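The values are calculated or read from the model by the stated rules, or taken from the named source; none is laboratory data. Just so you know, these numbers come straight off a predicted model, no measurement behind them. FYI the Cβ positions are ideal-geometry reconstructions off the backbone, even for glycines, and counts take in every protein chain you see. Ligands, DNA and RNA are excluded from the accessible area calculation, which covers all protein heavy atoms including side chains. Shrake-Rupley method; radii C 1.70, N 1.55, O 1.52, S 1.80 Å.
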Amino acid sequence: MPSGYPFSEIEAKWQSYWKEHNLFQVFPDNSRPKYYCLEMFPYPSGKIHMGHVRNYTIGDVVARFKMMQGYNVLHPMGFDAFGQPAENAAIKHKAHPAEWTYKCIGWMREELKRMGFSYDWEREISTCLPEYYRWNQWIFLKMFERGLAYKKLAAVNWCPSCLTTLANEEVVGGSCWRCGSEVEQKEWEQWFLKITAYEERLLEDLQQLKYWPPQVITMQENWLGKSEGVEIYFLEKETKEIISVFTTRVDTIFGATYIVLAPEHPLIEKWRRRILNIKEVENYLKETKQKTKLERTDLALKKTGVELKGIKAINPVNNEIIPVWIADYVLLEYGTGAIMAVPAHDQRDFLFSKKYNLPIKIVIKSPGERSNRAPEEMTEAYEGDGVQINSGQFDGLPNTIAKEKIAQWMEEKGIGKKAVKWRLRDWLISRQRYWGTPIPIIYCKRCGMVPVPEKELPVLLPEKVRITGKGGSPLAQIKEFVQTKCPVCGEEAQRETDTMATFFDSSWYFLRFCSPRNEREIFDKEEVSYWMPVDQYIGGIEHAVLHLLYARFFTKFLKDLGLLEFEEPFKCLLTQGMVLKNGEVMSKSKGNIVDPDGIIKQYGADTLRLGILFAAPPEAEIDWKDECLEGAWRFLNRVWRLVEENKNSEIGSQKQESNSLLRLKKKTHQTIKKVSEDIEEFKFNTALARIMELVNEIYAQKQETGEAKLELTKAIETVVILLSPFVPHLCEELWQRLGYKESIIKTLWPKYDPKLIEEERINLVIQINGKVRSKIEIPSFLKREEIEELVLKDTRIKKWIEGKEIRNFI
């Protein structure tokens, strides 16, 4: 343990003080402005890691800063406690998922408290508790009533050995991560939420989110994927069956040289007997089933495909006969499950056509080309604008104009129509798992699918369960859970044995924090109206699409129920970067885990907080170095010594300030301004650098004055206040040692004097051997050595002194 200030004693002391005085417990208070600061709550996996430390320290700085600015700050914490990892851990450790989860929650809660985070622990929620998931079930029933929750056949990853569905992440190289068996795609009845009913609002309301990172807005727009184009009707040559293709580039239709279907397209089975190479096709279909959708659409991976020999299509604009292929990069759920390939004007089609020696036809000439070039001369697709060629009556038109004219012509001829397609698909929430919210549906032979009455909620997750990871949903094996009575007719019936995806739990938890102990309703409308929306939301970029999209969807749905007055849940969003070690994500297998526990024991929580905030701006990745801690530790000990050496000094008043103390006064007010602005803009590393500069200035002035003058003491107090959101334990102790009785969190954030933040500047005339050689403008309170440094850097002076010895500097 390094020698220095007694951090263990200090941190334990102030954590007890905060708890004893309920310092961070809050209630609605209309006499003060509110501020809701929220970090994405963690999955209780065991212990907090460095990513947690960074995320929650950022949030704590913001929360404490706002408290000291006079805001009524809601800063809650809870645990996203359901999910497959708990079942995996239960199998591994031979423990019940609940036992494992509550143990992890206990560990994490204590670690978070040791970090000194300013949470209102009276509001803690855990999504695996019946008092929480009861309202998951209530939301589901409200969606079911309105047709937004429904069941349909859907493809799932299926392990034939374990007899269970697998998430995409559990399929490794086409095999089950647990037993290694080859994974199959299987049609299964699954529950969905009709998020597509909200697609327009989800897209349009992105315009309201002025304080979200632009890249997150773009990612959401891309996920929603609104495309305006034309649906074109190609005909199969023999049967004249329609093959619908959607395109946003109808201007390139005359250059379509083949069609590509998704391997799951229903026409493939329909044409089965006519496909001449059916064995090759079947092998390809089997191979494709082993790939995840992510693998299939990854642009970096080489695309594969197989021609459906014996099947041809007719291009409706020029009656050309073109081949039909299947390829893994086309997905059934996107567009129509079929695309027209225009190799000359789409790079993916170009590479595919080169690989399989398919024809290329140029139909748009770039503006700079004087003559038409041959397709074989192309080294890449031309995807820009230009003039139509080889396009029938549309030759010579700019393609931007031809788009509209071709679309109109196709509609008139009945070979196509204008259409809007979305990438967004309805949200599959079914999981054949135990550790999740039971879906509140009952199946009756007489009444069909019946919702559980609200008065019977929650449908409790049974405690006695055997989890092996095999044999489908564990709930299906529990007779006393499955067998029930129909709430309509009273006959024997069966419960739904699927549970909800854990994204459901996290799609509204921020609302529950406003009134977490409400037993009568999902939340108190008045309290939600006071606290919401969240003023600052903080979390990883990995949640930029799904979690945030689902949270926005739930908020809009609850507004439609009349429970909320706003459309968007989060005003401001900060996505922090990852914490790496040696350039790689931390993991046990790589042996590069940095343990926050060990750091806290060796240096204290404040040093860890300071080190991780000073290392880089929040949005940037950190490649963790232990030097971050050593530098932070040295600085905190400098601050400790500064206060210790001056806490009992007499504060003398002066009739007239010396230049040096006036300089310190100015530096203090400039630091207040800059640190305040930097915290508002999440520039924590530069805010800390400003405080370090002020500490250096105080040490310098202390040496000059030799005693604790009034301005020197004020500057020291300012350092402690400005530093307190970053390192709260140490600053609480220092504040007390400076003679203050109340917690520093009750101290108002200092304000700067506008007159003192402007540096008084003077024009300095520079002479060499009595002759004026230059003039520079400088702050009036610079020290001699600082002035000399500026003079020597002046370009006009450099040429007069180059290679010469300076005998005297006056």
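Evaluate the following for L722: is it surrounded by 24 or more Cβ atoms within 10 Å (Cβ to Cβ), at pLDDT 95 or above and under 33 Å from the mean Cα position of the chain (by Cα)?
Details: surrounded by 24 or more Cβ atoms within 10 Å (Cβ to Cβ): yes; at pLDDT 95 or above: yes; under 33 Å from the mean Cα position of the chain (by Cα): yes.
Judged against the criteria, L722 is a match.
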request  = Say whether the condition of being open to solvent by 10 Å² or more (accessible area, probe 1.4 Å), of a type in the set (G, A, S) and more than 26 Å from the chain's Cα centre (by Cα) is met by at least one residue in the stretch 100-122.
outcome  = no
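Determine whether I762 is among the aliphatic types (A, V, I, L, M), assigned to a loop (DSSP other than H, G, I, E, B) and open to solvent by 30 Å² or more (accessible area, probe 1.4 Å). Working first, answer last.
Working: among the aliphatic types (A, V, I, L, M): yes; assigned to a loop (DSSP other than H, G, I, E, B): no; open to solvent by 30 Å² or more (accessible area, probe 1.4 Å): yes.
So I762 fails the test.
Report yes if K151 is out of contact with any strand residue (DSSP E or B) (no Cβ under 7 Å at 6 or more places or on another chain), modelled with pLDDT of 95 or more and open to solvent by 20 Å² or more (accessible area, probe 1.4 Å), otherwise no.
On the way: out of contact with any strand residue (DSSP E or B) (no Cβ under 7 Å at 6 or more places or on another chain): no; modelled with pLDDT of 95 or more: yes; open to solvent by 20 Å² or more (accessible area, probe 1.4 Å): yes.
Taking the combined requirement at face value, the residue does not satisfy it.
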ask   = Is the stretch 259-274 home to any residue that is in contact with a helix residue (DSSP H, G or I) (Cβ under 8 Å, 6 or more places away or on another chain) and among the aromatic types (F, W, Y)?
value = no
request  = Could you identify the single residue in K413, K354, K405, K418 that is open to solvent by 50 Å² or more (accessible area, probe 1.4 Å) and touching a helix residue (DSSP H, G or I) at 6+ places or on another chain (Cβ under 6 Å)?
outcome  = K418
ask   = For K464, all conditions in the list (1) among the basic types (K, R); (2) at pLDDT 95 or above; (3) under 21 Å from L129 (Cβ atoms) hold save one; what is the number of the exception?
value = (2)
query = Residues Q767, Q736: which one is at pLDDT 95 or above and either farther than 21 Å from T668 by Cα or in a helix (DSSP H, G or I) (or both)?
reply = Q736
ask   = What are the residues in the stretch 487-501 that are more than 32 Å from the chain's Cα centre (by Cα) and either under 22 Å from Y133 (Cα atoms) or assigned to a strand (DSSP E or B) (or both), if any?
value = P487, E492, A493, Q494, R495, E496
remark   = If we keep only residues of the stretch 31-83 that are under 23 Å from E526 (Cβ atoms) and of a type in the set (D, E, K, R), then the residue surrounded by the fewest Cβ atoms within 10 Å (Cβ to Cβ) is R32
task = Evaluate the following for E376: is it under 20 Å from T247 (Cα atoms) and surrounded by fewer than 17 Cβ atoms within 10 Å (Cβ to Cβ)?
result = no
query = What number goes with the only condition from (1) in contact with a Leu (Cβ under 9 Å, 6 or more places away or on another chain); (2) open to solvent by less than 40 Å² (accessible area, probe 1.4 Å) that T252 does not pass?
reply = (1)
inquiry  = Being part of a helix (DSSP H, G or I), modelled with pLDDT of 80 or more and under 47 Å from the mean Cα position of the chain (by Cα) is the requirement here; does E785 meet it?
reply    = no
query = Restricting attention to the stretch 471-485, does a residue exist that is open to solvent by less than 60 Å² (accessible area, probe 1.4 Å), closer than 21 Å to M143 by Cβ, out of contact with any strand residue (DSSP E or B) (no Cβ under 7 Å at 6 or more places or on another chain) and assigned to a loop (DSSP other than H, G, I, E, B)?
reply = no
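With L546, L561 as the choices, which residue is open to solvent by 20 Å² or more (accessible area, probe 1.4 Å), closer than 20 Å to A81 by Cβ and not basic (K, R)? Write out each step before concluding.
Numbers: L561 fails: closer than 20 Å to A81 by Cβ.
Exactly one residue qualifies, and that residue is L546.
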query = Out of (1) modelled with pLDDT of 95 or more; (2) crowded, with 18+ Cβ neighbours inside 10 Å; (3) not in a strand (DSSP E or B), what's the single condition that is false for I538?
reply = (3)
ask   = Does I762 meet the test of being touching a Leu at 6+ places or on another chain (Cβ under 8 Å), within 28 Å of K665 (Cβ to Cβ) and of a type outside the set (G, A, S)?
value = no
